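Data block below; observations after.
Since every read-out is calculated from the coordinates, none of them should be taken as a lab result. Note that this is a predicted model, so its numbers are computed, not measured. Quick reminder, even Gly has a Cβ in these numbers, built from the backbone with ideal geometry, and neighbours come from all protein chains shown.
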Amino acid sequence: MSKAKVVVTRKWPEQVEQRLTELFDVKLNIDDHKMSVAELHEALQSADALCPTVSDSINAEVLNVDSKKARVIASYGVGFNHIDLEAAKANDLVVTNTPEVLTDCTADLAMTLLLMVARRAGEGERHIRHKEWTGWRPTHMIGTSVTGKTLGLIGMGRIARAMAHKAHHGFGMKIIFTDPYPPPAEIVDDLQAESRDSMDEVLAEADFVSLHCPGGKETYHLINDERLAKMKSSAYLVNSARGDVVDPQALITALKNGTIAGAGLDVFEGEPDVQEGLLDLENAVLLPHLGSASMETRVAMGMRVIDNLQAFFAGREPGDRVA
């Protein structure tokens, strides 16, 4: 029996690529270049499955191609707002993602951002590298404490809960949150967390606000001028979710004007481009979308894609189907 043909859009960990090669007739992206629309069209026309990543825009232009052979899009990543799900459905394409396996890794990164921006760690490292440090002194580069402060979570899904666990049990932080679908009572009780009726209440009360909501039309620029103005001037914003949840110009203005104290960002609207105004701000910690970037997690994500592909080609419902 011939193997299903699979096209992978970017370079994946070696262990995953080896397993893909064993199971499928796979075309790998050896030089790790970003595939063009023409290349994505060719993949959909020549392969049974396309395996994109969150850096690939799988929009209607890509999906509405003639003579399509592909039947499944098995995406590498938990987010799927880079895929036009309506266009995928219209083209009879099954879509899967890779949830759960990157929960703790991304929560670790969110805590990293929180700690870095609170203690001015990015600024401090630049200070050392630029050979500007003249020695310890009592008023030099003072940040803010994290222990005992209030962490406000916008969204209380898996990653937010994992971050809350680390923040509460590790740093004694008070947890408040808002989510239309709150977690089970036992999770809330373990965290001694308190629900708030609205996002505005969380923004006004929290010392640190961390975003854990999906991207897309409903959350586009959820954090804007008006909402940033509701935060404390001493508060910090952390975004490890999706870049388009934050209006970048509104954030730049808020950081420049002291509306909020700082921000830690792992994702950006229009990435890999980063708004120029952010690059000049010392009170912004900027990381290149590292949320799931541990070897253990990236391998687990790839293996989850493989599980979905195997299920689909065996005629079973993929466990992580989103469309």
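Across the stretch 103-286, how large is the tail of the calculated P(r) beyond 28 Å, expressed as a percent of all Cα pairs?
Tail fraction, whole percent: 21.
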Net charge, Asp25 excluded, C-beta distance under 14 Å - Lys, Arg +1, Asp, Glu -1: +2
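Averaging sequence separations of C-alpha pairs under 8 Å and six or more residues apart, then dividing by the length of the stretch 103-286, give the relative contact order as a whole percent. Intermediate values should be presented prior to the final figure.
On the way: 339 pairs, mean separation 39.1, N = 184.
With pairs under 8 Å counted, the relative contact order is 21 percent.
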HN-Hα J in Hz across the stretch 252-268 - Karplus 6.51, -1.76, 1.60, θ = phi - 60°, x for Gly and Pro: 4, 4, 5, 6, 5, 8, x, 4, 10, 7, x, 8, x, 10, 10, 9, 9
Hz values of 3J(HN,Hα) by residue in the stretch 280-291 - Karplus curve (6.51, -1.76, 1.60), Gly and Pro given as x: 8, 8, 6, 8, 10, 9, 10, 10, x, 6, 9, x
Computed P(r) (all Cα pairs; the stretch 74-184; 10 Å bins; percent): 12, 29, 25, 20, 10, 3, 0
For the chain, share of DSSP beta bridges that run antiparallel, in % to the nearest 5: 5 percent
Under 5 Å, built H, 5+ apart or other chain: amide partners of Gly264: Leu237, Val238, Asn239, Val285
Residue-wise HN-Hα coupling along the stretch 176-186, computed from phi with Karplus coefficients 6.51, -1.76, 1.60 (Hz; x: Gly, Pro): 10, 7, 9, 6, x, 10, x, x, x, 4, 5
Mean Cβ count within 10 Å, highest first, over the residues of peptides 196-206, 296-306: 296-306, 196-206
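Can you give the Kirkwood hydrodynamic radius of the stretch 200-299 from its Cα pairs, in Å with one decimal?
Kirkwood hydrodynamic radius for the stretch 200-299: 13.7 Å.
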Of Lys89/Lys174; Lys166/Lys217; Lys11/Lys89, pairs whose Cα-Cα distance is over 32 Å: Lys89/Lys174
Stokes-Einstein translational diffusion, the chain - Kirkwood Rh over all Cα pairs, 1.002 mPa s, 20 °C, in µm²/s: 102 µm²/s
Amide H partners (placed H, <5 Å) of Gly157, local residues excluded: none
Amide proton proximity set for Thr150, modelled H, under 5 Å, gap of 5+: Lys174, Asp207, Phe208
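Arrange the following residues from fewest to most other Cβ atoms within 10 Å of their Cβ: Glu17, Glu276.
The order, fewest Cβ neighbours first, is Glu276, Glu17.
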